[in-house]
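Since every read-out is calculated from the coordinates, none of them should be taken as a lab result. Every value quoted in this text rests on a predicted model; they were computed, and no experiment measured them. Ideal geometry is used to build each Cβ from the backbone, glycine not excepted, and the neighbour counts take in all protein chains shown.
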Amino acid sequence: MLFRLRTQILVWTILPLALLLIGIAYLGVSNHQGAMRELVAERDAALARVAAARISELLTDRARDLENLDAARPETWDTRIFQGGIARLDADGRILNALPAREVWETRRDKIPREREFSKPFSENGAWLVLLARPTQDGTLVAALALPPFESFAPRGQAYLVDEQGKIIAHPDAARVGTDFSAHAGIAQVMRGETGATFHRFAEQNNDASETELVVGYAPIAPTRWGFLIDEPWENVVAPMFQYAVLLPVVLALVGVVALAAIYFGIRYVIRPLENLAQAAQRIAFGDFSAAQQQVGGVREIEELRETLDNMARQVSDAQAAMQNYIVAITHSQEDERKHLARELHDDTIQTLIAVQQRIEMAQRALHREPALAASKLGELKELTTQAVEHVRGFVRDLRPTYLDELGLIPALETMARQAQASFNVLGEEQRLDAERELVLFRITQEALRNANKHARAREVDVTLAFEKEEVTVTIQDNGRGFDAPESPNAYARAGHFGLMGMQERAQLFGGNVYVKSERDKGTKVVAYLPTKNGAA
């Protein structure tokens, strides 16, 4: 009877409690695995996004550096920027100058892209290189830039690049280059320009019964149609947790401790930090951009999310501050223009009209008594009226250049350049643009000439309008005293260059851009380009 009582105690008390603890432990493992899946997916998405942004920034900066490179002066070429070297080719493709050696560039001849394009990455001496070409007047200037090592982006997985067809174009394992990955998870999303993370299952080679699951982070690379992906085996992330799950039936005495430890860990290092992070995100949404500066604790991935959120909040704050400064500058500019118009109308036009009125009264009084005096006053009246008309026409031309609508862009720019004592040249086959684009190019040139006259103190100013098949470019260059140009357009507002920011925004409305190159005592060069039609590159 005693034995049976002990058995009953074991069966009805200890065993159900053990099963309950096992169930709780398995439930904790399962919930933690789900949270880990979301957390790791968000982390890999952030890693892919940061890596793609780094490569995009590298390609954009090097494209700008190549644009500023003097093709005719090889002695000024800087191979510290283009580690793979620089070469200049003539119109027939013959190599004229080459760094580091002509033989190196002969092996790359079939990889040189046409016009302003990036070549597909290729491996050379253990590094992945990309070629960038820039047409010149007598040929092509080509530079080779080195991509960052892919191992630095995915320490526990593999990072690689794919093209728009889903084929691998760069991989730590060179033998994988050219493999069709179009059916791989994340490829379709990244080709649509999306950023994120997903999971991918595939069968191991020679073992169809075994499947491997990967965490896939993906992000597009902006200047190209490439996609950046990071593959990380899921088992590498969850293997330690699954070891506990395997040992649970064996170590029943430790089940409760493990379950409580898992719950404690989840609450303290995952749930509470995520709740704190969610509260910080909500405070940021209401304008408190410093809410994510303090650490929320927890696992490193959550801290990385907090750092990413904090960086994003600072960028939004900087952008809002820059926009507010820009709006204030525009408002002040409008008010200054109104004061200027009011002052000109009061000091010139109104005074002229008062003088006209006085001449009319004097002519009326002298009309019968002194006809000669009346005729003289009427002549003065005519001259004053003519001056007032010309002055008002000047106001109208400043507010809206009528000759731009009537004669077109070329005569309007030529007239404005002549008034500013600047030279004017037209390159390419002349063509009319739509009214909005012509007005944008006119205003950009007007602002650049105003800056050259007001700030640069230039002795010579050149204005060049160049027509190409799909875009039109206007270049304003002076030999004035120059200034320290910001490194990127985003810094224009912070540096107080609101005129340059206005040029940039006007051009970007039509898919164009404005580049400014200036150094102190070396003059300033402003290059603005617009596509000739909507959607043109």
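A few comments on the model shown:
- Spin-label pair ALA285/GLU57, simplified geometry with 7 Å Cα→Cβ offset, distance in nm: 2.8 nm
- Legend: P(r) of segment 127-238 from all alpha carbon pair distances, 10 Å bins from 0, whole percents, reading 13, 40, 30, 11, 4, 1, 0.
- Simple spin-label estimate for ASN425 and THR136 in nanometres, 7 Å along Cα-Cβ: 1.7 nm
- Proximal charge balance of GLN282 [Cβ under 13 Å; K/R count +1, D/E count -1]: -1
- A dipole drawn for segment 124-182 from +1 and -1 charges on Cβ atoms has a positive end, and of PRO149, GLY139, PHE181 the residue lying farthest that way is PRO149.
- Share of pairwise Cα-Cα distances greater than 18 Å in segment 46-91 is 40 percent (whole percent).
- Summing +1 for each Lys or Arg and -1 for each Asp or Glu among the other residues whose beta-carbon sits under 14 angstrom from that of GLY523 gives +1.
- Cα radius of gyration and Dmax for segment 29-112 (Å): 21.2, 67
- Scoring 47-60, 458-471 by mean Cβ neighbours within 10 Å over their residues and listing the highest first yields 47-60, 458-471.
- FRET E, pair ARG94, ASP70, Förster distance 22 Å, beta-carbon r, rounded to 0.05: 0.65
- At full extension, ASP180 and GLU211 could sit 9.2 nm farther apart than now, given 0.36 nm per residue minus the alpha carbon distance.
- Links that overshoot a 24 Å alpha carbon limit, given the list LYS111/LYS167; LYS167/LYS469; LYS111/LYS525: LYS167/LYS469; LYS111/LYS525
- Those trypsin sites (Lys or Arg not before Pro) in segment 94-124 that DSSP places in a loop and that have at most 15 other beta carbons within 10 Å: ARG94, ARG114, ARG116
- Chain lengthening between THR415 and GLU235 when straightened (0.36 nm per residue, less Cα-Cα): 57.7 nm
- The label point for GLU106 and the one for LYS454, both projected 7 Å from the Cα toward the Cβ, are 5.7 nm apart.
- Equivalent ellipsoid, segment 402-531 (semi-axes from 5 times Cα gyration tensor eigenvalues, Å): 23, 17, 12
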